[in-house]
Structures are given as structure tokens and as C-alpha cells.
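Please treat every number below as a calculation from the coordinates, not as lab data. On a predicted model such as this, the values are computed, not experimentally measured, just so you know. With ideal geometry, Cβ positions are generated from the backbone for all residues, glycine too; neighbour counts draw on all protein chains shown.
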Amino acid sequence: MLSKFRTNSARVNLLSRRLAPLVISALTMLTASIAWASPAEEKLKLADQCMKDGYFKQAVLFYDQSINLNPNNWRAYMSRGDALMRLGERETARGDYQKALELNPGSPEVLSRLGKHSPSTTSKARSRQARHPRSQ
């Protein structure tokens, strides 16, 4: 019985030595995939959650932090503009929308916030008007 235990123990030991690198590798890949977001993206997520919950001042603070960490993220500028609009700071929001458009030219999302229309949305509106003219 003791020899059988030793044999099984030796097998388990050998198996664990062979599997250990695979397990470590798998855990490393899993950890890397979970923690892929940069600090700027994490701040952006926090800001977005504040916006959803109606905490617009806090959202602006998190958008500020995200922009400080990654000043080329057009979405952070656009979203901060949305938060500023909710706070009634229209001119500052407009500046953020302009910066977002500078970083992502032609973005329909940003253009709509600026009250401008991209060529594709303008042609759709014209087509709609042609089909449904207003009665005078």
C-alpha cells in the first residue's frame, strides 16, 4: 500500500511540475486580459458611470483626469462637453466639441453636438424633405 502511495505521489509531483508553467502562463494571460485598460481609459469609464448616475460635476473631474493622461482621446473631449452642457456651461462645452472634432474630423457624433451635419446626414435630410414637402 505504501509503495502504491509513493508511485501515485511521484506521478502527481511529475504532473504538477509539467503543468505549473502552463498554469502560470494561463494565469498571466488572464490577468493581462483583465487589466488591459490604461489609466486614461479607467478614468473615462468612471466618468461615463458618473454621467449615467447624474453626477455631472464629478464626471467632468474624471474626464479632466482622462484628458490629462491622454490628450488625444476625442471621445473624452466629446463626453466632457456633454457633461458641461448638462451643467449649463455651453461655451466651454462647445470648445470641447471643437477639440473632439479636431482630433476626429468628420465625426457624425461630434458634428451633431455642434449642430452641424456631415454630408451623408445632410443628403438624407434633403431626400426626406423631397419626399415629404411641408404644406404651405
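Of note:
- So ARG94, is it part of a helix (DSSP H, G or I) and touching a Gly at 6+ places or on another chain (Cβ under 8 Å): yes
- Among the residues of the range 97-118, those that are of a type in the set (Ser, Thr, Tyr) and not in a helix (DSSP H, G or I) comprise SER107, SER118.
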